[in-house]
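Below is one structure, written out as structure tokens, with a few remarks after it.
The values are calculated or read from the model by the stated rules, or taken from the named source; none is laboratory data. What you see is a predicted model, and the numbers here were worked out from it, not measured in a lab. Only protein heavy atoms, including side chains, enter the accessible area calculation; ligands, DNA and RNA are left aside. Shrake-Rupley method; radii C 1.70, N 1.55, O 1.52, S 1.80 Å.
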Amino acid sequence: GKRASADLLLIPAVAGADSAYIERHDRRVMRTLAGMVATTADRRTGAITLSVTAPWPSMALQLAQRNIAELNRYLFGLRKQRASLERQSIEERLAMQERRLREEEEKLGAFLLRNRLYVTAPELRFEYERLQRAVALQQQVLIGLAQAREEVLSREIQAAPSLTVLEPPLMPLAPEPQ
């Protein structure tokens, strides 16, 4: 037999329907849908059970599948948005770090131009080594930020599912009404 199928969020095609009527209709539909869907959570395992009660078994199945798909889409978008914000923050820090590294390199370069014979003077050699360490430190920080950016970038574009369905929704055993 045929299964019942319906787009429950369809706006009613009423001639002359104004936005207030459409808003009231949408609120009624949302209240009806909210009354059809129930969830329970097991804090110990982190599992969430979704139960849908609808006039037709096929409608219950459709609503369960749609709820799971929409929740997965929402969680995926949320995770992607967080990764994007984290990447932007790291990129700002990376740009700032690149400027710091250039400043330290310029200090070292200016020192070398002024002190061509720094190797023979202990205080100049000490200053050269200090400037070298400052450059090396800024390079290490820059490398760490670049690695962090790559990691968050891979999380941002990763298409792994946000939600693991432990048991897919099944068609209720009750027959469809005629």
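Annotations
- Per residue value of the accessible surface for the range 47-105 (all protein chains in place, 1.4 Å probe), Å²: 66 Å²
- Whether the range 33-78 is rounded, prolate or oblate, judged on the alpha carbon gyration tensor where a/c under 1.5 counts as rounded: oblate
- Å² per residue, accessible surface of the range 123-164 at 1.4 Å: 69 Å²
- Expressed as a whole percent, the accessible area of the range 55-178 that falls on carbon and sulfur atoms is 57 (1.4 Å probe).
- With 0.36 nm allotted per residue and the present C-alpha distance subtracted, the VAL141-ILE22 stretch has 37.2 nm of extension available.
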